[in-house]
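The structure under discussion appears below in the form of structure tokens.
Nothing in this text is a laboratory measurement; each read-out follows from the coordinates by a stated rule. Everything numeric in this text was worked out from a predicted model, so none of it was measured. Glycine also receives a Cβ, built like all others from the backbone with ideal geometry; neighbour counts cover every protein chain displayed.
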Amino acid sequence: MRNWTGKNVQIEKPELFKRGNEVYLGDRVRLIGKGKITIGDETAIAQETLIISDNHDYKNDITQTIPTPVKIGSNCWVGARCIILGNSTIGNNCVIGAGSVVRGKIKPNTLCYGNPCKEIKKIKPKKQDLQKSFEEWNTKNNKWENRIAYILGVALLGFFFVPILWAIIFYHDAIFEFILKFLKIFS
């Protein structure tokens, strides 16, 4: 179980906060309120996001707050500066766009953003270990051998084709005359 926490993260009531494995909380994320906050596995909360797990009791005493739980599913990404209000549930495999205000239920496997946060489109469900996917990307796409082969391939193409291109550009009259003389020999 490995979790990452950025700088200046504020968790008002740690005893009410539960997070799964591989959870990332960005810089200056704030989790405040009297309600339970649950974040599932492999979820990233970007910087300056505010999660509020209580609400004012406007029906009885406006000065009092009542607990309202917040649940964020597994394999989610919440963009920077989002506000997630109490009684909100974000399903598994969701992406919440930066600056969104989440209130209520967000269906699983969706891309949502806005104020209020609304579903924009369905996304394919997938569950990946963040560290594993980084290591996989690093070994498949970022090998020095691949980089060197690409650079050598480009250099060889340049070595063969650039001189020919320059010759055509600068000596096109002479090349044209040569071709005409060559054709006259065979005619």
Open item on the list: Over region 46-90, what portion of Cα pair distances is larger than 14 Å, expressed as a whole percent?
Closed with: 55
Task: Ratio of Rg to Rh over region 4-126 (Cα coordinates, Kirkwood Rh, two decimals) - done: 0.97
Open item on the list: Based only on other Cβ atoms within 10 Å, what is the fewest-to-most ordering of Ser100, Ser74, Ser53?
Closed with: Ser74, Ser100, Ser53
Open item on the list: With the cut-off at 26 Å, tell me which of the pairs Lys71/Lys124; Lys71/Lys121; Lys34/Lys122; Lys13/Lys118 have Cα atoms farther apart than that.
Closed with: Lys34/Lys122; Lys13/Lys118
